[in-house]
Every structure is written in structure tokens, then in C-alpha cells.
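The values are calculated or read from the model by the stated rules, or taken from the named source; none is laboratory data. Since the structure is predicted, the reported quantities are computational estimates derived from the model, not experimental observations. Neighbour counts are summed over all protein chains in view; Cβ atoms, including those assigned to glycine, are modelled from backbone coordinates with ideal geometry.
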Amino acid sequence: MAKKSNDKKSRIVAFNDHQGHRQYIRLGQVNQHTYEYVKCRIRDIVRSKKYRGDLKEETVKWLTEIPDALHEKLAKYGIVQPRNAEPLEDFLKTRLAKKKIKDSTRKKYSTAVTNLVGFFGNVSLETITADQAENYREYLVDECGYSQASVSKEISIAKGFFHNAKKRRLVTENPFQDVLMGSQENKARQFYVTMEITNRLIDACADAKERLIIALARFAGLRIPSELIELKMSDLHWDKHQFIVHAPKTAAYEGKEVRIVPIFKVLEPYFLDACRTVPVGEDRIYPEIDKNTSKGSWIARLFKKAGVVPFPKPFVNMRSSCATDLSSHFPGYRCEYWLGHSAKIADKHYRQITDDHFVDAANTCSLYSQESATNGLGTDKVKTVFESGNHDANSIFQSATKSATAHTGIDKQINATETIDIVKSDLIQFLASICATKNVPDRTRTCNLWLRRPTLYPFELQGLIQISNCLL
């Protein structure tokens, strides 16, 4: 691919570029070792350019250290990008302008662009190193005071920008590739909005439409204010007990433009009161709300008026509290459809563990209770007869029958087939407990003892299997 020229005054590296064209680079007066080294580095660059692979770490380091004259020769043939080809700020703003994202997301990206340019300056992309990227993360924590979740988001955005730069061959490596992102969860800001707090906020509202906002956020999990924009009276289907929610956040995904949410009993009075205030001929319930509307100042005033201690992310935590309540009463797939998010997102950002969950667990008497642990399907009855020395099959049969009858709660005599199945199950459990108490050499066994040859087991198991056969 690359070979030494016969030129006695200087050495020339001849190679085929990524498009198959023959190219030549004059190195000047260099020794054989330097020539071979440069030849290997050029070969690695062409291979990476042609097959879109990663450069070797040694090649990346070499590219950053070679003189500008040699780098310009490589850039002349298009196998590397020219140095200072595109400043950081121009690249970031150009990429951001081409992104098809919502306005709220664009604001987050704009903040990330400002932070990147503010820390690195308007330097060439290729001059940013991995060490500087690590320092940028520390800058976000120490200087900007960002939380762990915010730092993770900022690093994710930066990593995405430089990943695009690497694909376009503007940089040889992504300096943010190995920077620790961390979790974007922030459990410290989660807050369960109780019914008491919800009622106090609703009572403090000025009119029916304000009360409906709180009710929709807390009882239906709507995203406020984006999902209020297209909320229409024609979307309320009282006969089906459901209403349609237009979701701008998920509109970019096919089939996620709208979702159907139940009109829960608790929502009905708030919907009816708000609909009475809508002018005749108007379909939208909140025509005054658009994509630029913010309800932050309004909810802050409402906190003060209701005498409620402000909690972080009010509408997000109301939605989170709704997700927590629904998941306690309905299957997960229903909750995820009604709220418009996946199970992964629900577990990561919405569902919470409340004090009521611990109270419910403590009051669940049947769970792990002494009665359920010992009564079972007759295992302890069989064990009592066996340990007493009475190995008579009829004794075991009668004992297991009484236990099975008590377990099923049926006063009448159960039939023989059911009894045999129950005793079989009892014996399998009991055989395993006997093995655990004996000094039996380790053997590989299947879970179903009835499928194995009796000769493979100790004498206790053989005897019990013979007893069980008597019952058949």
C-alpha cells in the first residue's frame, strides 16, 4: 500500500487513498525508522477512513503532535480534516440549527452550547482532549452547581455533538466518549402529593378552570401545560367514560400523537364545572394557553394562597403521584398507556414508594404468616407422622386429606384424585427437607423427584416413594 521511493535525497510515501487514488507525500530527509513509522500511521488513517473504523490510540496521538506542514499534506488528500477547519461555537450552532426538536428541548441544547463554549472557548474541535472533557464535567458540578441529573444530561448532549463530529471526520476521537455520565434520575426531588395537599390547592383556586388544572395533573397525570393546549370539549366522550389527550411531547413518535385517558369518577365534577365556563362556539377548554405559556408563577402563588409548603417540580410530582396511585390498582400496561410513558420511564422517574405501601405490607396478614407457612398442603402433617415412627400409608393418607381439606376451605370430602395430587406435592416437598437434614453426598437431581430412579436416592427417599405408590 505504501512503499519507499528510489529518491535518494528524500523519502516519499506512496499510498492509495480511501477512494483508491494513488497519492504521494514527500517526507524529506528522514531515516528509515521514521519513514516506516509514518507509513504505518498513514496506512491506519486510510483504513479507518475507508471502512469507517476507529483509529488506533497511537495514531490519534501522532496526529495531534505532527507539524502543521505534514498535517496539511494529509488534509490535502482528504484523509484527515484540516486543522482549525471549524471552530467549536460555529460547529455547535450549525448542528443545533439542523436538529428537528421541540422548542423546549432546543432551549436545553442552547444552554449546553453556551456552557461548552464558555468553558472551552471558540477553539478548534480537534484541540479538545479527553482530560479537558473530564474537567468540563467538574466545572458543571463545582462552578455551575448542577445536580447529578443535570450534569448527566449536559454530558449526554456534549457526547452527542462530538459523536457527530467524529462521524463527519472533524475529529479523530470523541473526547467525551469515556466521561462518566451518571444517572439522570433525581430521587431527592421526588415528592408524593397527598390528597390533603391536593384538596388545599384545589380550594385555593380562583375558578373552575384552575381547579380542573390541578385535578388533571394529580388525578389523570397530564403534562402541564403542554397537554392543556389542545384539550377540547369534543374530546370528552362521556358515554365511554374517556377523553382524548393530545401529547406534544410524544407527537414525534408514530402512534403517540394522542392517547385515551379514563374519566375517573373524581374528575367528573371538575370537568363539568369547567365546561360550563367555556363560551358558546368555543371547543378548546383553555384557548388562552399556548406553547409559550408557563404555569410556574401561577402555581407558586397558589402554594402561598393555600398555605402549602412549596415542593420541587409541582406538576411533575403530581403526575408522579398519579402514576404511583394508578400502579397500585391497575396493571402496568394500562397505567403506561393512560399516562403516555413506558414502564422503564415510569420506574425511573415517576413511580414512588410511599408510607402507605409499608402500612399495607404490614397489614397483609396472609403474606408470610405462620399459618400459611406451616399449614401448606399437608406437608407438616406428613412430617409429624413420619417422625413419630408411624410410617403406615393410611395414617399419612388421612393426615394429608385433613390438611388439604383445611387448606382449600371445603367442608365436604374431596375426591381421591385431588387427594393423591396433594399428597404427591406434599411428599416432594418433604423429601427435599429430609435430604437437607441428612449427610447425603452431593448429587445432581432434577426438581421433579418422580422422574428419577429410586436407586439414586438415600433409603429415606426410597421408603417415602414406596409409601406414595401405595396411595395410587
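The table below gives the values:
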{"read-out": "Residue within segment 184-205 that is under 26 Å from the mean Cα position of the chain (by Cα), in a loop (DSSP other than H, G, I, E, B) and closer than 30 Å to Trp62 by Cβ present", "value": "no"}
{"read-out": "Looking only at segment 14-39, and only at residues there that are under 15 Å from Ala69 (Cβ atoms) and either among the hydrophobic types (A, V, I, L, M, F, W, C) or touching a Pro at 6+ places or on another chain (Cβ under 9 Å) (or both), the one that is surrounded by the fewest Cβ atoms within 10 Å (Cβ to Cβ)", "value": "Val30"}
{"read-out": "Some residue of segment 121-132 being more than 22 Å from Val171 (Cα to Cα), outside any helix (DSSP H, G or I), not β-branched (Val, Ile, Thr) and not assigned by TED's automatic domain parsing to the domain that holds Thr64", "value": "no"}
{"read-out": "Scope segment 48-106; condition of a type in the set (Gly, Ala, Ser) and farther than 30 Å from Gly20 by Cα; matching residues", "value": "Ala97, Ser104"}
{"read-out": "Selection status of Lys187, modelled with pLDDT under 95, surrounded by fewer than 18 Cβ atoms within 10 Å (Cβ to Cβ) and closer than 30 Å to Asn135 by Cβ", "value": "yes"}
{"read-out": "Failed item, numbered, when Ala158 is tested on (1) modelled with pLDDT of 90 or more; (2) more than 29 Å from Lys344 (Cα to Cα)", "value": "(2)"}
{"read-out": "Residue check, Arg223 under 20 Å from the mean Cα position of the chain (by Cα), basic (Lys, Arg) and either surrounded by fewer than 16 Cβ atoms within 10 Å (Cβ to Cβ) or modelled with pLDDT of 95 or more (or both)", "value": "no"}
{"read-out": "Residues satisfying the stated conditions in segment 271-316, i.e. outside any helix (DSSP H, G or I) and either surrounded by 15 or more Cβ atoms within 10 Å (Cβ to Cβ) or among the hydroxyl-bearing types (Ser, Thr, Tyr) (or both)", "value": "Thr277, Val278, Arg284, Ile285, Tyr286, Ile289, Thr293, Ser294, Lys295, Val308, Phe311"}
{"read-out": "The lone exception for Glu196 - which of (1) exposed (fewer than 15 other Cβ atoms within 10 Å of the Cβ); (2) touching a residue at least 24 places away in the same chain (Cβ under 8 Å); (3) farther than 25 Å from Lys291 by Cα it fails", "value": "(2)"}
{"read-out": "Gly340 under 17 Å from Pro225 (Cα atoms) and without any contact (Cβ under 8 Å) to a residue 12 or more places away in the chain", "value": "no"}
{"read-out": "Verdict on Tyr253 being touching a residue at least 40 places away in the same chain (Cβ under 8 Å), in a loop (DSSP other than H, G, I, E, B) and at negative phi", "value": "no"}
{"read-out": "Hits in segment 206-232 (condition: of a type in the set (Gly, Ala, Ser), touching a residue at least 12 places away in the same chain (Cβ under 8 Å) and outside any helix (DSSP H, G or I))", "value": "Ala220, Gly221"}
